[in-house]
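The values are calculated or read from the model by the stated rules, or taken from the named source; none is laboratory data. Remember, it's a predicted structure, so these values are computed and weren't measured experimentally. Here Cβ is always computed from backbone atoms with ideal geometry, including for glycine, and neighbour counts include all displayed protein chains. Ligands, DNA and RNA are stripped out before the accessible areas are found, and what is left, the full protein with its side chains, is counted by its heavy atoms. Shrake-Rupley method; radii C 1.70, N 1.55, O 1.52, S 1.80 Å.
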Amino acid sequence: MAKIAPSILSADFANMERDIRQLKEAGADWVHMDVMDGIFVPNISFGFPLIQAVRPLTDMVLDVHLMIDRPLRYVEQFVKAGADWLTIHIEADQPHNTLEALEKIRAMGCKAAISLKPRTPAEAAIPYLDKVDMILVMTVEPGFGGQKFMADMMPKLKKLRQMLDEVNPDCILEVDGGVDENTCTVCKENGAEVLVAGSAYFKAADRQAFVKKIQA
Ligand code: DX5
Ligand code: ZN
């Protein structure tokens with residue numbers, strides 16, 4: 001069964017506690033939190049204070065997706081703020097700094113993940129394959145919710161699954177961007193085990209039914 005990680009980027013920020021508690025009632029698995037710095041992506045979302053505020057509200061896994069430049073500078077603070085899984089972008093720094101950041105995340109007992117923007121090929125993940133617990137394949141350009149799903153990312157997803165099966169079979173794959181009750185199928189067929197859904201989840205008339213469709 002696949003997992004769903006609703007992205008609170010599309011939640012009602014004035015009612016964050018309500019929306020966080022409602023995730024569990026709807027049967028969702030993880031809470032996806034998108035941190036944007038206005039440099040790595042052309043948008044600014046939120047930082048440590050929101051993660052610290054959400055942490056005591058739920059026992060759900062906090063899946064923190066850093067869309068920030070040179071994340072090595074901040075990974076310790078994000079783990080301390082309450083992240084259970086911390087994802088950094090491989091385009092955001094030099095490889096030696098990315099490797100150091102992944103080591104730091106794991107040394108603190110947090111799960112480490114890398115993410116690939118749409119134009120980054122699967123081969124760019126090679127130096128990190130055995131050093132991560134998850135790879136996040138972006139199915140939109142990072143920065144905003146509500147964009148159209150890029151089905152042409154599916155061969156990359158499949159290729160990463162094949163590459164991981166050889167060196168790190170326990171590593172899981174996550175997809176993020178434009179996932180809904182239709183696009184989820186092809187993601188799962190190509191190896192996605194965790195599916196992020198922002199706008200589609202929060203717009204769903206029946207969130208419980210939506211969650212079940214993604215998990216099926
Ligand atoms: C985009 C973010 C996503 C976003 C997904 O940069 O990483 O997590 O919230 O939103 P939807 O599901 O609306 O595409
Ligand atoms: Zn995300």
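Data table
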| quantity | calculated |
| --- | --- |
| Listed residues Glu123, Glu193, Glu181, most fluctuating in the chain (Gaussian network, C-alpha, under 10 Å) | Glu123 |
| Percent accessible area from carbon and sulfur atoms, the stretch 134-216, protein chains only, probe 1.4 Å | 52 percent |
| Simple spin-label estimate for Glu100 and Lys131 in nanometres, 7 Å along Cα-Cβ | 1.1 nm |
| Portion, in percent, of the accessible area of the stretch 1-107 that falls on carbon or sulfur, probe 1.4 Å | 51 percent |
| Percentage relative contact order, the stretch 20-75, counting C-alpha pairs under 8 Å, at least six apart | 45 percent |
| Rounded accessible area per residue of the stretch 116-216, 1.4 Å, Å² | 45 Å² |
| Label point distance in nm, Glu141-Phe48, each placed 7 Å from Cα along Cα→Cβ | 3.2 nm |
| Inter-part distance where the stretch 159-216 and the stretch 75-98 are each reduced to a Cα centre, Å | 22 Å |
| Normalised contact order of the chain, rounded percent, pairs of Cα under 8 Å and 6 or more residues apart | 22 percent |
| Unit charges at the beta carbon, dipole of the stretch 84-174: most positive-side option, Thr98, Thr139, Pro127 | Thr139 |
